[in-house]
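Okay, structure first, notes after.
The values are calculated or read from the model by the stated rules, or taken from the named source; none is laboratory data. This structure is a prediction, so every number in the text was calculated from the model and none was measured. As a convention, Cβ positions derive from the backbone with ideal geometry for all residues, glycine included, and neighbour counts pool all protein chains shown.
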Amino acid sequence: MRNLIAVLALALALTSCSHNLREEFDTSLSKYNDLLSRNELGAANRYAANSIREEFINRAAALKDERIVDYKIINIRYAEEKHRASVDVEISYYNLYHNKVKSLQDIEEWTYSEENGAKGWRLTSVLPEFK
């Protein structure tokens, strides 16, 4: 009987942990894309993994004439066992010197990892090029 209780407790803990990771991912994804839609690219770079942060900052600096007006999550592929996610996003934006809203498709790659002593969801793909 004790073994059964231990197994059930372990299963409940694992389910809770997976659920918390997914909730954490959903929160990170939402906050990151909200920052983009408000053109707060400097703040958005805190979600970038260390391995891409410099390139992320450079791409963000290159977008000085672009303004993001909206985003739409098209599809989320969440790989719980690998602690990874891939998100298809449609970004609407315009250039300050043109009166035309354009859209582009981006694939955001995310991974759950520990960096600088803190665990969390990190973006492992850089900002797309806005053309």
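Condition first: modelled with pLDDT under 95 and in a helix (DSSP H, G or I). Can you find one or more residues in the stretch 62-70 that meet it? Looking for residues that are modelled with pLDDT under 95 and in a helix (DSSP H, G or I), one finds at least one in the stretch 62-70, hence yes. Going by the structure shown, is residue 73 in contact with a Ser or Thr (Cβ under 8 Å, 6 or more places away or on another chain), surrounded by 13 or more Cβ atoms within 10 Å (Cβ to Cβ) and of a type outside the set (Phe, Trp, Tyr)? So residue 73 does not fit the description; no.
Listed residues 109, 115; which is acidic (Asp, Glu), in contact (Cβ under 8 Å) with a residue 40 or more places away in the chain, surrounded by 12 or more Cβ atoms within 10 Å (Cβ to Cβ) and touching a strand residue (DSSP E or B) at 6+ places or on another chain (Cβ under 7 Å)?
Working: 109 fails: in contact (Cβ under 8 Å) with a residue 40 or more places away in the chain.
Of the residues listed, the single one that is acidic (Asp, Glu), in contact (Cβ under 8 Å) with a residue 40 or more places away in the chain, surrounded by 12 or more Cβ atoms within 10 Å (Cβ to Cβ) and touching a strand residue (DSSP E or B) at 6+ places or on another chain (Cβ under 7 Å) is 115.
Evaluating residue 51 against the criteria (1) in contact with a Ser or Thr (Cβ under 8 Å, 6 or more places away or on another chain); (2) surrounded by 13 or more Cβ atoms within 10 Å (Cβ to Cβ); (3) of a type outside the set (Val, Ile, Thr); (4) part of a loop (DSSP other than H, G, I, E, B) leaves one unmet condition, (2).
One line per residue, one yes/no per condition, for (1) among the acidic types (Asp, Glu); (2) within 13 Å of residue 130 (Cβ to Cβ):
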residue	(1), (2)
48	no, no
51	no, no
54	yes, no
66	yes, yes
81	yes, no
85	no, no
91	no, yes
100	no, yes
109	yes, no
